[in-house]
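Bear in mind that the values in this text are calculations on the coordinates, not laboratory data. These numbers were taken from a predicted model, which means no experiment stands behind them. Here the Cβ positions follow ideal geometry from the backbone for every residue, glycine too, while neighbour counts run over all protein chains shown.
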Protein chains: 2
Amino acid sequence: MRLYTYFRSSAAYRVRIALNLKGLDWSPVAVHLVRSGGEQHLPDYRALNPAGLVPALEDGGHVLTQSLAIMEYLDETHPAPPLLPADALGRARVRAIAQSIACDIHPINNLRVLQYLTRELGASDEQKNAWYRHWVTQGLAALEQMLAGHPDTASFCHGDTPTLADCCLVPQVFNARRFGCDLGAMPVIQRIAERCEALEAFRLAAPQQQADAEH
Amino acid sequence: MRLYTYFRSSAAYRVRIALNLKGLDWSPVAVHLVRSGGEQHLPDYRALNPAGLVPALEDGGHVLTQSLAIMEYLDETHPAPPLLPADALGRARVRAIAQSIACDIHPINNLRVLQYLTRELGASDEQKNAWYRHWVTQGLAALEQMLAGHPDTASFCHGDTPTLADCCLVPQVFNARRFGCDLGAMPVIQRIAERCEALEAFRLAAPQQQADAEH
């Protein structure tokens with residue numbers, strides 16, 4: 001399998017974690033989201049993924065897009081270890097946690113959105129950073145409440161093994177720290193993120209561990 | 001089942017379609033997203049869904065959130081008619097189409113984001129509408145390419161029965177029309193949306209058909 005990835009892309013980071021948790025053999029193809037006006041916009045990459053976003057996964061000649069869809073595909077085609085619980089309610093909860101990040105937080109703070117704020121609306125750096133922190137803080141505060149009050153929250157977001165929810169949480173926490181968001185009021189999120197980051201599958205998926213990382 | 005819904009919420013609209021396609025018995029609980037500063041922010045609703053977003057589904061005393069997670073749950077607990085194809089690649093494609101709307105287009109144009117643009121960044125109505133049309137047009141153009149070039153695109157986004165992809169497509173097209181986006185270059189999307197809208201399950205889920213609709 002080949003993963004089209006950018007070290008700092010949080011959606012690619014999710015899939016890297018899932019690939020590692022599954023113990024799959026994969027190789028990265030770096031797509032630099034900033035250099036040359038964004039390599040994701042080049043015709044060759046657009047032919048693979050018309051949306052011009054990373055990640056994309058190539059598996060047996062097929063190209064898959066959208067990080068959550070890719071992770072569900074990996075879970076269906078390589079069931080062990082499972083990244084979703086066995087019961088429908090548990091699956092719904094894990095997916096809801098994953099989507100509270102992948103739909104409610106991350107898209108609003110994506111690179112292209114921040115670029116639009118700056119270029120089209122003339123937002124200052126200060127306004128851009130306030131925007132970023134606003135959505136992360138609001139979104140993670142809601143997630144903290146979802147996690148803190150629920151009996152299925154354990155070592156990880158749902159139970160004692162990592163799920164899709166944790167694959168989404170860790171990259172979002174990474175971004176939150178990078179932009180200086182205050183996570184002080186989110187002890188459950190911090191505890192789970194640290195527990196995940198102690199695992200090799202998460203550690204090796206981190207931005208700074210990637211071949212295309214810039215330090 | 002009780003669905004916490006707002007007639008114009010596109011995420012609630014998706015779930016209304018799925019409930020109708022499954023032929024399930026459900027009743028709406030209206031949450032007005034604008035009146036009284038937004039009823040989704042009231043303590044009673046926040047206790048159900050800490051994110052303060054619609055929809056939420058109550059089923060047998062359990063509360064589920066996130067429209068895509070709710071639809072997957074409905075598909076698992078009420079398998080007929082299926083809203084996902086049987087094969088892993090097909091499922092990945094349907095989920096990717098659904099997420100290209102639910103992750104790449106809709107969150108950036110959500111009410112709370114538009115309110116932030118106006119209130120915090122002082123965007124004019126013209127700038128707000130340009131923002132809206134920018135993300136819809138860019139996102140749907142990419143989706144048109146995904147659909148137009150693929151052998152599995154048929155009467156619906158994937159094959160000849162509606163899937164989760166169609167449940168997401170129709171509300172997004174509804175919004176696009178409402179904001180005057182030009183869909184002229186998207187014949188496949190238009191054809192599929194019209195095919196869907198001819199079905200009762202879609203028709204009865206439309207904003208103007210809801211008990212809380214404002215005309």
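Brief remarks follow.
- Net +/- balance of residues flanking B:Gln190 in space, Cβ distance below 14 Å, scoring K and R +1, D and E -1: -2
- Mean separation of Cα contacts under 8 Å (6+ apart) over length of the range B:88-199, as relative contact order %: 32
- Nearest-first distances (nm) between copies at A:Val63, label 7 Å from Cα via Cβ: 4.2
- Shape call, the protein assembly as shown: gyration tensor on alpha carbons, a/c limit 1.5: rounded
- Residue of chain A whose Cβ sits closest to the axis mapping A onto B, with distance in whole Å: A:Pro107, 2
- Computed lengthening from A:Val63 to A:Thr118, 0.36 nm per intervening residue step minus Cα-Cα distance: 16.5 nm
- Of all beta bridges that DSSP places with both ends in the protein assembly as shown, some 65 percent have antiparallel geometry.
- The residues neighbouring B:Ser155, those whose beta-carbon lies less than 12 Å from its own, together hold a net charge of -2 under the Lys/Arg +1, Asp/Glu -1 convention.
- Chain B - share of DSSP beta bridges that are antiparallel (%, nearest 5): 65
- Computed from point charges on the beta carbon alone (+1 for Lys and Arg, -1 for Asp and Glu), the dipole magnitude for chain A about its Cα centre is near 320 Debye.
- Straight-distance candidates among the aspartates and glutamates for linking to A:Lys22, with alpha-carbon spacing under 17 Å and chain neighbours fewer than 8 residues away dropped: A:Glu58, A:Asp59, A:Glu72, A:Asp75, A:Glu76, A:Asp160, A:Asp166, A:Glu197, A:Glu200.
- Label-point spacing for B:Gln115 across the identical copies (point 7 Å from Cα in the Cβ direction), in nm and ascending order: 3.0.
- Net charge in the neighbourhood of A:Ala123 (other residues with Cβ under 15 Å of its Cβ; Lys, Arg +1, Asp, Glu -1) is +2.
- Here the contact order of the range A:1-63, divided by its residue count and restricted to Cα pairs under 8 Å and six or more residues apart, works out to 44 percent.
- Note on B:90-100: average number of Cβ atoms from other chains within 10 Å of each residue's Cβ is 6.
- Span from the the range B:39-73 Cα centroid across to the the range A:138-191 one, whole angstrom: 19
- Rounded to the nearest 20 debye, the dipole magnitude of the protein assembly as shown is 660 debye, with +1 charges on Lys and Arg beta carbons, -1 on Asp and Glu beta carbons, and the Cα centre as origin.
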